[in-house]
1. When both residues are 6+ apart or on different chains and their Cβ atoms are under 7 Å apart, which pairs have a first residue that lies in region 2-29 and is on the phi < 0 side of the Ramachandran plot, and a second that is in a loop (DSSP other than H, G, I, E, B)?
2. Considering (1) in contact (Cβ under 8 Å) with a residue 24 or more places away in the chain; (2) surrounded by 10 or more Cβ atoms within 10 Å (Cβ to Cβ), say which one residue 139 fails and leave the rest.
3. What residue, among those in region 71-94 that are of a type in the set (Asp, Glu) and farther than 14 Å from residue 47 by Cα, is surrounded by the fewest Cβ atoms within 10 Å (Cβ to Cβ)?
4. Only one of (1) among the polar types (S, T, N, Q); (2) within 25 Å of residue 66 (Cα to Cα); (3) in contact (Cβ under 8 Å) with a residue 24 or more places away in the chain fails for residue 168. Which number is that?
5. Have a look at 109, 101 and point out the one that is within 20 Å of the chain's Cα centre (by Cα) and surrounded by fewer than 16 Cβ atoms within 10 Å (Cβ to Cβ).
6. Restricting the search to region 80-125, which residues are more than 21 Å from residue 23 (Cα to Cα) and in contact with a Leu (Cβ under 8 Å, 6 or more places away or on another chain)?
7. Looking only at residues that are modelled with pLDDT under 95 and among the β-branched types (Val, Ile, Thr) in region 7-60, which one is surrounded by the most Cβ atoms within 10 Å (Cβ to Cβ)?
8. Suppose we filter region 46-75 for residues that are part of a helix (DSSP H, G or I) and either more than 17 Å from the chain's Cα centre (by Cα) or under 19 Å from residue 10 (Cβ atoms) (or both); how many remain?
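The values are calculated or read from the model by the stated rules, or taken from the named source; none is laboratory data. For clarity, every value in this text was computed on a predicted model and none was experimentally measured. Cβ placement follows ideal geometry from the backbone for every residue including glycine, while neighbour counts extend to all protein chains displayed.
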Amino acid sequence: MKTDEIVLTPEFAKQVADLYHDMEAAYDRTAKDLDFSCSGCPDNCCDSFFLHHTYTEWAYLWHGLKTLDDKLLKTITEKATNYVIESEASLAKEERPIIMCPLNSEGRCTLYLYRMMICRLHGVPATFTRPDGQQLHFPGCFRCQEHISTENSLAPLDRTQFFQRLVNLEIELLGIKRMTAPKVKLTIAQMIVMGPPKL
């Protein structure tokens with residue numbers, strides 16, 4: 001069966017960028033209300049094992065990767081390949097991988113403007129209301145939990161609207177193919193190694 005690479009139009013890419021901007025602004029407001037900052041943290045969230053679930057973010061990641069020069073992209077791809085090998089070994093031993101993201105270079109994200117949703121929202125306390133009405137709660141990273149008291153009355157970041165907007169973008173991107181497209185459940189490293197998404 002013939003598959004075609006998903007290439008984002010400038011208009012669609014802008015919608016993703018706007019969504020990411022709004023996520024970042026919401027995170028910053030919550031962090032400011034909590035008087036919380038990542039500055040000086042001994043940990044690095046870029047070694048957290050996160051899975052991503054949309055063609056939209058996968059395609060936007062590659063939208064960013066294609067802006068890099070060939071040498072840097074080759075280096076990142078090599079790091080991603082090693083990440084996949086190491087993470088599969090850890091998972092085979094039923095251990096959660098703790099490996100630095102292949103996009104991280106000297107503590108900084110090489111594709112900061114294109115980083116994924118979870119990279120933008122992880123850290124502060126948050127909630128998410130599922131379509132069935134069940135509300136999920138995320139306490140925040142260990143450092144944020146240490147920073148705030150359990151009696152803190154400030155409202156956590158509500159991720160719901162951002163997930164809804166991402167779902168709407170996914171529906172728009174895939175169209176009728178969304179009913180038959182394989183489910184996405186990949187790390188950033190896997191998305192890099194596999195190349196741009198195809199349908």
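1. 3/199; 4/199; 5/196; 6/196; 6/197; 6/199; 27/124
2. (1)
3. Step one: filter region 71-94 for residues of a type in the set (Asp, Glu), giving 78, 86, 88, 94.
Then drop every residue that is not farther than 14 Å from residue 47 by Cα, which leaves 78, 88, 94.
Details: 78: 13, 88: 11, 94: 6.
Result: 94.
4. (3)
5. 109
6. 97
7. The residue in question is 30.
8. First, pick out the residues of region 46-75 that are part of a helix (DSSP H, G or I): 46-47, 55-65, 70-75.
Next cut, either more than 17 Å from the chain's Cα centre (by Cα) or under 19 Å from residue 10 (Cβ atoms) (or both) only: 55-65, 70-75.
The number of residues fulfilling the criteria is 17.
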